[in-house]
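Worksheet for the structure shown next.
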Amino acid sequence: MLRDSFPYRLFLSGGKPEVVLRLYYGSEFRRNNNFPRKILFDTQPSWRLYYSNRKYILEARSHIMVLTSDFTSGEIYIAKNRDDFPFAYPLDEILMINLLWRKRGILVHACGMKSNNSSGLLFAGTSAAGKSTMANLWKDKKEVTILSDDRVIIRRKNQSFWIYGTPWHGDAKVCSSERAPLEKIFFLKHDKENCIKRLNPLDAASRLIVCSFPTFWDKKGMEFTLNFCSEIAEKIPCYELGFLPDSSVINFLGDVP
């Protein structure tokens, strides 16, 4: 078993894949210097995305991913240890983000939960807002499944919005491959008491965009993300949730209509 493959094993499934990647260990990607290279996004030393010869090339440490223009086919080159997991951060997330904006959905900073009645709750927030804290408060509740405590996918299905777990967990280290229809969104903030405020669609959309992973390097991707967040905010009840970091917030939320 490859190193660092957990919790990805939880997300293994059969069926025909939407994306096919070929993996090359001990090989170096050889650039063709005959084609110009356009840098689209650069966060070195973490990762860099550029475009060359009608392909996207994503570099992250010792891993390089080369992808077709629709991100559904490509190669991963790993020059070092054969036991290294092919999806070194952030290769998998960048791949998913670019797939999602093509009318599939968005990835957001959030803790997602699925209740026994299959309804889904999303607790969104930037770093240190309380996503993992919220997950830890709920994770021992038998009536709740934590989809992720840090990154959740939102997609539209049959005119409804659904939330999906991802393997990219946070400090609570909980995730699930399950999904649930989205019922409510709560934007988290730490407070001196448990309190809640209903947000108007404009405010909710703005906050959701802040918590999303936009494709700053792609205009069409940005347009899709902005419109998708607006559609969610129009249809799904959204709230600002100030909370205490203890179990009292669980009972408090039980009274939210």
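A short reminder: the numbers here are calculations on the coordinates, not readings from a lab. Predicted, not measured: the structure shown is a model, and the values here were computed from it. Cβ coordinates were reconstructed from backbone atoms using ideal geometry, including for glycine residues, and neighbour counts include every protein chain displayed.
Quick look at the numbers
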read-out	value
Of all DSSP beta bridges in the chain, antiparallel share, percent nearest 5	75
For the range 106-253, share of DSSP beta bridges that run antiparallel, in % to the nearest 5	70
Trypsin sites (Lys or Arg not before Pro) within the range 167-232: DSSP coil, no more than 16 neighbouring Cβ in 10 Å	Lys173, Lys192
Pairwise centroid distance, computed over Cα atoms, of the range 61-130 with the range 185-249, Å	20
Exposed-site-free run, longest, the chain (rule: GluC sites (Glu not before Pro); DSSP loop; at most 16 other C-beta within 10 Å)	29-142
Cα-based Kirkwood hydrodynamic radius, the range 106-253, one decimal, Å	15.1
Beta bridges per DSSP with both ends in the range 1-112, % antiparallel, nearest 5	75
Length released on extending from Glu178 to Lys220, taking residue separation times 0.36 nm less the Cα-Cα span	12.2 nm
FRET efficiency, Ile250 to Thr126 (Cβ-Cβ, R0 25 Å, nearest 0.05)	0.65
Folded to 0 to 90 degrees: helix 201-210 orientation relative to the chain principal axis, Cα	40
Percent of Cα pairs exceeding the 17 Å cut-off, where the set is the range 8-94	51
Value of Rg/Rh across the chain [Cα atoms, Kirkwood radius]	1.00
At 1.567 mPa s and 4 °C, Stokes D of the range 22-174 from Kirkwood alpha-carbon radius, µm² per second	75
Gyration tensor (Cα) of the range 200-257, equivalent ellipsoid semi-axes in angstrom	29, 13, 7
Amide H partners (placed H, <5 Å) of Phe187, local residues excluded	Ala124, Tyr239, Glu240, Leu241
Per-pair calculated FRET efficiency, R0 = 25 Å: Arg102 and Tyr24 via Cβ, rounded to 0.05	0.45
Cα-centre dipole for the chain with unit charges at Cβ (Lys and Arg positive, Asp and Glu negative), debye to 20	820
Gained length - Trp162 relative to Asn116, 0.36 nm times residue gap less alpha-carbon distance	15.0 nm
Using a Förster distance of 35 Å, the FRET efficiency for Tyr89-Glu231 (Cβ separation, nearest 0.05)	0.75
Relative exposure of Phe11, Phe161, Phe29, judged by other C-beta atoms within 10 Å (fewest first)	Phe11, Phe29, Phe161
Between 0 and 90°, nearest 10: helix 91-100 axis offset from the chain longest Cα axis	70
Degrees between helix 219-235 axis and first principal axis of the chain (Cα, 0 to 90, nearest 10)	20
Label-to-label distance, nm, for residues given as Ser206 and Phe35 (7 Å Cα→Cβ offset)	4.2
